[in-house]
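Taking it in order: structure first as structure tokens, then the write-up.
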Amino acid sequence: MKKALILTNQMVRLGGSEIVALEIAEALYERGFEVHIRTNCLSDVLTRSALVPIRFSDSDELIDLCDFDFVWMHHNMVAHLDLDKLLKSNRLPTIVSAHLSPFEMLELVGVGFAVLVGARLVSNSEETKARLVAMGIDSSDVLNLRNAAPKRFDLNLHSQRQINVLAKLLVVSNHIPDEVYEAITLLKKKGVLVKVFGLGGIERRITEFDIQEADAVLTIGKTTQYALLSGVPVFCYDHFGGPGWLTKENFDKASIYNFSGRCCGARNSSTEIFEKLVAGYEVAAKEALGLKAEFGSEFVIDSYIDQLCSVEGKCCFPNELSSSMLNSFAANSFVIRLFYRRLEKKNHKKSIARQLKAKIVKFLKR
């Protein structure tokens, strides 16, 4: 059986890179790979979230890359690799280096290693691709995956529904701003059923059924692609602000910025968000079906994975400079590993304290 390895800094809570790692792992499993995920920080929340058998590990045991046929890398994880075996390898596996942000340094520190091992670089948006090009990478060497979603979200059920009024709103965010919380209160007073996923709400992976049950989704990032493929209207807004309802007029610019809300810098009051959600819904629902028809195929991950699996690995390292460069990358990676493991221990202690406080408050209210 073919073997695939995913290297990523953390698999602790349901965030952007964690979801991408799981979806890539699941896509590779569907293509006949035995999939391994190696990470610096691991939690049961993530291991239980996988939809297929995946071998998770946060071990420090060195990995021989040549034991694998396909390698997907996030961040700089060189400290986990057996560098002696790597340097002696006659041929490397297919290696993909994924970069999910144009400004988070953890998403950019692995570029040097990626170039050295002949990895295929991929980005989650045109904005991130532009950042990689600005770092000296040729534009033709970066594939923009557009933060594409699994094919299971590509449904047509919403086109069969005749809904003119917003009755059920799905909010997905790990950082809901105050104005959205206040808008949710106004919506509930009007009788709108609001379901919230993310920190402070329901903490599990979004399914295609969650999307289909909603009349609309208020979110940014990856959930936008889920809704887009399902033909469900998206109100793009979060802690960066956002353009509001996605339409043909604002879609391209919003896409460049990975539907992060940073495309326009617009912030709204809670009343404005409430009014736009209610008054603009009927038009947005029609727009959503048009966006799915025109752009939907560009946001399905399967074709990208097939393309990447066909890339051949590098034959060998070019010169003696490789050894010193690898050691430099490994040192940087070791510091990252140490920092994040200490950070997670600190966060874990805070989490336990919050849970204990909540239990005490609940007990005192009896």
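Numbers below:
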read-out: Failed item in (1) free of Cβ contacts under 8 Å to residues at least 60 places away in the same chain; (2) out of contact with any Lys or Arg (no Cβ under 7 Å at 6 or more places or on another chain); (3) closer than 30 Å to Ala50 by Cβ; (4) not in a helix (DSSP H, G or I), with Ile211 passing the rest; value: (4)
read-out: Unmet criterion (only one of (1) farther than 27 Å from Phe295 by Cβ; (2) free of Cβ contacts under 8 Å to residues at least 24 places away in the same chain; (3) touching a strand residue (DSSP E or B) at 6+ places or on another chain (Cβ under 8 Å)) for Leu193; value: (2)
read-out: Some residue of region 221-232 being within 17 Å of the chain's Cα centre (by Cα), surrounded by 15 or more Cβ atoms within 10 Å (Cβ to Cβ), part of a loop (DSSP other than H, G, I, E, B) and at pLDDT 95 or above; value: no
read-out: Members of region 281-315 found to be under 23 Å from the mean Cα position of the chain (by Cα) and of a type in the set (Lys, Arg), listed by number; value: Lys292
read-out: Residue match in region 250-261 (condition: assigned to a helix (DSSP H, G or I), over 30 Å from Val122 (Cβ atoms) and in contact (Cβ under 8 Å) with a residue 60 or more places away in the chain); value: no
read-out: Test: residue in region 347-358 that is modelled with pLDDT of 95 or more and either at positive phi or of a type in the set (Lys, Arg) (or both); value: no
read-out: Candidates Glu34, Glu18, filtered to the one that is free of Cβ contacts under 8 Å to residues at least 40 places away in the same chain, part of a strand (DSSP E or B) and either of a type in the set (D, E, K, R) or over 24 Å from Arg146 (Cβ atoms) (or both); value: Glu34
read-out: Any hit, region 164-174, residues being outside the structural domain of Glu23 (by TED's automatic domain parsing), part of a helix (DSSP H, G or I) and either surrounded by 21 or more Cβ atoms within 10 Å (Cβ to Cβ) or out of contact with any Leu (no Cβ under 9 Å at 6 or more places or on another chain) (or both); value: no
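Conditions (1) surrounded by fewer than 19 Cβ atoms within 10 Å (Cβ to Cβ); (2) in a strand (DSSP E or B); (3) at pLDDT 95 or above, marked per residue:
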| residue | (1), (2), (3) |
| --- | --- |
| Glu61 | yes, no, yes |
| Leu87 | yes, no, no |
| Arg91 | yes, no, no |
| Ala98 | no, yes, yes |
| Ala114 | no, no, no |
| Lys129 | no, no, yes |
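Residue-by-condition table, conditions (1) in contact with a Ser or Thr (Cβ under 6 Å, 6 or more places away or on another chain); (2) in the same structural domain as Ala25 (by TED's automatic domain parsing); (3) over 30 Å from Glu26 (Cα atoms):
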site	(1), (2), (3)
Ile137	no, yes, no
Lys189	no, no, yes
Arg205	yes, no, no
Trp245	no, no, yes
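The values are calculated or read from the model by the stated rules, or taken from the named source; none is laboratory data. Keep in mind it's a predicted model, so treat the numbers as computed, not measured. For neighbour counting, all protein chains shown are included, and Cβ atoms are generated from backbone atoms with ideal geometry for every residue, glycine included.
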